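Enquirer: Sharing a structure here in C-alpha cells format.
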Amino acid sequence: MSLKKKLLTTLVAGTLSAAATTASAVPFTGVVVFGDSLSDSGAYRPGLVPLVGASGAAALGRFTTNPGPVWAELIAQTYGGNGAPFNAGGANYAQGGMRVALPAPASLLGPGGAQRPVSTQITEYLATRAGAADANALYAVWVGANDIFANLGAFSAGAIDAATLQANVLGAANAEIAQIARLRAAGARYIIVFNIPDIGVTPQFAGTPTAGSVTALAAGYNVTLFTGLQASGLRVIPVDAFSILADIRANAGQFGFTNITAPACQPVGSSSLTCSAANTPAGAATSYLFADGVHPSTGAHRIIADVVKSLIEGPNAYSVLAEVPLSTRAAHIRTLDEGIAQGRTAAVGKITPFVAVENSKFDIGTNSLSPATDTKNRAGTVGVSMRASEDVTVGIGAGSSKGEARMPGGGFDVKESTFSAFASGKWGGFYGSATGSIANLKFDSVRRSIQLGTVTRVASSETKGANASFSFMGGYDWSFGRLTIGPFAGYTNQSVDVNGFSETGAGSAGLKILDQRRDSQVSSLGVRASLALGNWTPFLRISEDKENRGEERFVSANPLTVTSGNTYDIPAYSPDGKWTTATLGIRGKLADRVGLSVVYHKVSSRQNIKQDGVAASVAVDF
C-alpha cells in the first residue's frame, strides 16, 4: 500500500469509551471540539476542498462506519451546544488530517486544501468571542496521531532519522500542551484532553515489523503530554485512550465486538470517510471495533462518549456524599432539642435522662446539578440534661445516625456517630440555646453504575469522614394566657469532610476521588407559638432559612489509569440557598416523671428537594 493511501486511511487514531445521550447532571453552556478525524463530525461535507481520492466525501463525511455519529456529536447531545462541524454553523472545529500546529501533508488535502491545525482551530474559535473563551463551556482536544503518521512517512522516505522521528513526535506533544495553555489562558475551565491510543494494535500496523515502534511512539507522546500538563499546572479532564483501547480488546465479547482485528470498511485499505453500510458487513457498525485501518467504528465511538460522560458525571455524583450528612446532623440536633425542652421542666439540680429517635427523608430530584438522590435518615440519641439553676439547663448526648442514599444504579450508606454538648437559658421572656457536635462519618456500600456501550460496570468503594457543627437559637416569647408566641433567630455552622478514595471494579473507567469539604452556614428567622393545655403543650415553629455559603464547590478526581496523577475539577451539587421550615409538635407528661414529645417537620420552597420527618423523645426525671 502506498504511503499516500496509508496516510489517507490514518488521518487520526482512536478508540476509547463513552457517554449515553441522556440528560446531564453537570450544566455546561455547550461543547466546543478541536482535533482531527477522530472528532470530525463532517467537515468534508459542506464545502471544504475534499481529500485527494475522496470524491464521495460530500455524501458521508465522518471517519467511522457512516452514517453513525462520532463521540463528539454524542457528547454535544448530552451537554448541549451545536455538534455540527464548524463549516456548517457548529462548534466542532475538528478536521480530518490535521496536526497540532504544523500543516497536514499536501498529499492528503491536495492543492488549495484548507490547512487548519489545532492551533488554527483554536484561533478561529477565539476570534468569534473577541479572544475570550466561554468559562462555562466544555472543551475537547484530541490530536497528535497525524503528527506521528507524518513523521513516520518522513522516516520511511529517508527524510529523517530515528532520533529526529522521536524528537518530532515529543515536540508535537509539547506543542499540544502550548495550545491547551492558550485555551486555559483565554478563560476555558473544563478541557477534555485525549491521549493517543495504541496505534500499534490497529489493523493498519498490527502484525507488521513497525508495530512495536509505533506503540512506543504513541506511549512516548502520551507520557510527554500528561506529565507536561501536570508539570505546567494545567488541570484538564484526561481521557486515557491508550488504556481504554486495551480494556476493549481484552473484553471484546462483553462490549459486543466480534472482530477487533480487521477493518469493517471494504475493500481493505479504503478510508472510512467514504465508507457506508453498502460496503461493510451486516451489523459491522457495532460488531467491528475498527471502521478502517485506524479509525473507530460507531460502536467504539459510543464507548468513547460513555467514558467521557463518566469522567464528568462521576465526581458530580460523589459530591452528594458531603451533602447528605448535613441532613443527618440536622436530625440529630432535632432529637437533642426535645431533650433540652424536657430538661427545663425538671426541678433544679435534677438529672433528666432522655432517649429520642427520628425518621426523615432528604430527596433530591433530577435537575441540572445532581442525579436524583433519595435518602432515608434514621437518628437515635441518648443523653442527660440537668437543670443547673432556675435559668440554665445543660447536658450531653450521644447519637447514631444512618442515611441510606440511593441514586440511579448506585448510592451509598453513611453512618454518623456523634457526641454533643448543649446548654440553654431562659431569662423572663428571653431564651437561648447552643449546641456543639462532633462526629465520625463512615461511608459504606458506595456504588456507581457506569454504562460503557453495551457493558454496565459497577464501581465500588468506601471511605470515612468527619462532621463538626455549632448551632444557636435565641428569641423572645410573649405570654397571653395559655398562649405563648414570639420571634426567634437561629444560626448553624457545619463542616463536613469526606476522605478521598479509589474505585474498584470499573476497569479503565475507574476514578480516584480526592478529599472534599462542604461548609454550611445557615441563618434562620422565624416565629414560634405554643398553647398550654394541662399536661400537654402543642407547639408550632416556622422559619425562613438561608444558606450563607453559596460559593461554587468542586470535586476533584483523576482516572486511575493515568499514573501521572492529572487531577481535574467538576462542579459539585449546589442546592437552593433559601427555604422554609415548619415544625409541628406536642410535648407533655405521660406520668409524673415521664415526659413525651412527638414532632413533625417539613422543609418547603426548595427546588427539587423534598425533606420531612418525624421525631419522638421520652425523658425521665430523677
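Enquirer: For the chain, with all protein chains present and a 1.4 Å probe, just round the carbon and sulfur fraction of the accessible area to a whole percent. Each step should come with its number before you reach the end.
Expert: Numbers: 13640 of 23020 Å².
Of the solvent-accessible surface of the chain, carbon and sulfur hold 59 percent.
Enquirer: Given a cut-off of 26 Å, name the pairs among Lys309/Lys415; Lys415/Lys512; Lys309/Lys512; Lys361/Lys578; Lys464/Lys546 whose C-alpha atoms lie farther apart than that in the structure shown. Walk me through the intermediate numbers first.
Expert: Values: Lys309/Lys415 30 Å; Lys415/Lys512 22 Å; Lys309/Lys512 16 Å; Lys361/Lys578 18 Å; Lys464/Lys546 28 Å.
Beyond 26 Å: Lys309/Lys415; Lys464/Lys546.
Enquirer: Each residue of region 232-247 in turn: what ³J(HN,Hα) in whole Hz from Karplus with 6.51, -1.76, 1.60 and θ = phi - 60°, glycine and Pro shown as x?
Expert: 7, x, 8, 8, 10, 8, x, 10, 8, 4, 4, 6, 6, 4, 5, 4
Enquirer: Give the angle, between 0 and 90 degrees and rounded to the nearest 10, that separates the Cα long axis of helix 298-318 from the longest principal axis of the Cα atoms of the chain.
Expert: Relative to the chain, helix 298-318 is tipped by roughly 30 degrees.
Enquirer: At each listed q (0.14, 0.23 Å⁻¹), what is the log10 of I(q)/I(0) that the Debye formula gives for region 542-622 modelled as equal alpha-carbon point scatterers?
Expert: Listed by q, the Debye log ratios stand at -0.71, -1.04.
Enquirer: Something else about it: What's the ranking of 34-41, 543-550, 561-568 by average number of surrounding C-beta atoms within 10 Å, highest first? Walk me through the intermediate numbers first.
Expert: On the way: 34-41: 29.9, 543-550: 15.8, 561-568: 17.2.
Averaged packing, sorted descending, gives the order 34-41, 561-568, 543-550.
Enquirer: How much space per residue, in cubic angstrom, does the convex hull of the C-alpha atoms of the chain take up?
Expert: Cα-based convex hull of the chain, divided per residue, equals 149 Å³.
Enquirer: Heavy atoms only, probe 1.4 angstrom, no DNA, RNA or ligands counted: give me Arg182, Arg606, Arg587 ranked by accessible area, highest first. Provide the component values of the computation, followed by the final result.
Expert: Numbers: Arg182 80, Arg606 30, Arg587 55 Å².
So, going from the largest accessible area down, we get Arg182, Arg587, Arg606.
Enquirer: OK, next. Can you give me the long-range amide H partners of Val26? Hydrogens built in the peptide plane at 1.01 Å from N, cutoff under 5 Å, separation of 5 or more residues or another chain.
Expert: none
Enquirer: Now a separate question. Can you list residues from other chains, or at least 5 along the same chain, whose modelled amide H is less than 5 Å from the amide H of Ile237?
Expert: When sequence neighbours closer than 5 places are left aside, the close amide H contacts are Ile191, Ile192, Val193.
Enquirer: A further question on this structure: What does the helix-only formula give at 222 nm for the chain: each DSSP H stretch with n ≥ 4 adding -39500 (n - 2.57), the total divided by the residues, and the result rounded to the nearest 500 deg cm²/dmol? Provide the component values of the computation, followed by the final result.
Expert: Numbers: 11 runs with 143 residues, N = 622.
Value at 222 nm, helices only: -7500 deg cm²/dmol.
Enquirer: Tabulate in residue order the Karplus-calculated ³J(HN,Hα) for region 147-160, using 6.51 cos²θ - 1.76 cosθ + 1.60 with θ = phi - 60°, rounded to whole Hz; enter x for Gly and Pro.
Expert: 5, 5, 4, 5, 6, 5, x, 5, 5, 4, 7, x, 6, 9
Enquirer: Each residue of region 610-622 in order: what ³J(HN,Hα) in whole Hz does its phi give by Karplus 6.51 cos²θ - 1.76 cosθ + 1.60, θ = phi - 60°, with x for Gly and Pro?
Expert: Coupling constants for region 610-622: 10, 8, 7, x, 10, 10, 9, 9, 10, 10, 10, 7, 10 Hz.
Enquirer: Hey, got the dipole for the chain? About the Cα centre, +1 on K and R Cβ, -1 on D and E Cβ, debye to the nearest 20?
Expert: Values: 48 positive and 42 negative charges, 162 e Å.
My answer is approximately 780 debye.
Enquirer: Then there is this: First check a/c for region 135-270, with a ≥ b ≥ c the square roots of the eigenvalues of its C-alpha gyration tensor; if it is under 1.5, answer rounded, and if not, answer prolate when a/b is larger than b/c or oblate otherwise. Numbers along the way, then the final one.
Expert: Values: a/c = 2.22, a/b = 1.27, b/c = 1.75.
Oblate, since a/c reaches 1.5 and b/c is not below a/b.
Enquirer: Can you give me the angle between helix 324-344 and the longest principal axis of the chain, using Cα atoms only, in degrees from 0 to 90, rounded to the nearest 10?
Expert: Here the helix axis deviates by roughly 0 degrees.
Enquirer: Give the peptides 276-289, 68-81 in descending order of average Cβ contacts within 10 Å, highest first.
Expert: Numbers: 276-289: 17.8, 68-81: 24.4.
Packing order, densest peptide first, comes out as 68-81, 276-289.
Enquirer: What does the C-alpha gyration tensor say about the overall shape of region 284-425? Classify as rounded when a/c is under 1.5, otherwise prolate if a/b is larger than b/c, or oblate. All intermediate terms of the calculation are to be shown ahead of the outcome.
Expert: On the way: a/c = 5.26, a/b = 5.02, b/c = 1.05.
Note, shape of region 284-425 comes out prolate.
Enquirer: Under 12 Å from the Cβ of Val348, count the other residues' Cβ atoms, weight Lys and Arg +1, Asp and Glu -1, and hand me the total.
Expert: Values: positive: Arg344, Lys350, Arg387; negative: Glu390, Asp391, Asp621.
Every neighbour counted, the sum reads 0.
Enquirer: Let me ask another. For region 256-284 and region 399-425, write down the distance between their C-alpha centroids in whole Å.
Expert: Region 256-284 and region 399-425 have Cα centres separated by 54 Å.
Enquirer: Could you list which residues have their amide H under 5 Å from that of Lys464, counting only those 5 or more apart in sequence or on another chain, with H placed in the peptide plane?
Expert: Distant-sequence amide H within range of Lys464: Phe443, Asn499.
Enquirer: Another question, if that's okay. At a 10 angstrom cut-off on C-beta neighbours, averaged per residue, how do the peptides 200-207, 125-132 rank from highest to lowest?
Expert: Details: 200-207: 20.9, 125-132: 12.1.
Peptide ranking by packing, descending: 200-207, 125-132.
Enquirer: As an exercise, use a Förster radius of 60 Å and the Cβ-Cβ distance of Phe419 and Ala178 to find the FRET efficiency, rounded to the nearest 0.05.
Expert: Numbers: r = 54 Å, r/R0 = 0.90.
Calculated transfer efficiency: 0.65.
Enquirer: Express the accessible area of the chain per residue in Å², computed with a 1.4 Å probe while the remaining protein chains stay in the model.
Expert: Heavy-atom accessible area per residue stands at 37 Å².
Enquirer: Give me the percent relative contact order of the chain, please, defined on Cα pairs under 8 angstrom at least 6 residues apart.
Expert: Working: 1691 pairs, mean separation 81.3, N = 622.
Normalised by residue count, the contact order of the chain is 13 percent.
Enquirer: Next up: Can you bin region 431-549 into rounded, prolate or oblate? Criterion: square roots of the alpha carbon gyration tensor eigenvalues sorted a ≥ b ≥ c, rounded for a/c under 1.5, prolate for a/b above b/c, oblate for the rest. Spell out each step's value before the answer.
Expert: Values: a/c = 3.59, a/b = 2.83, b/c = 1.27.
Verdict is prolate for region 431-549.
The values are calculated or read from the model by the stated rules, or taken from the named source; none is laboratory data. What you see is a predicted model, and the numbers here were worked out from it, not measured in a lab. Quick reminder, even Gly has a Cβ in these numbers, built from the backbone with ideal geometry, and neighbours come from all protein chains shown. Just the protein is used for accessible areas: all its heavy atoms, side chains included, with ligands, DNA and RNA removed. Shrake-Rupley method; radii C 1.70, N 1.55, O 1.52, S 1.80 Å.
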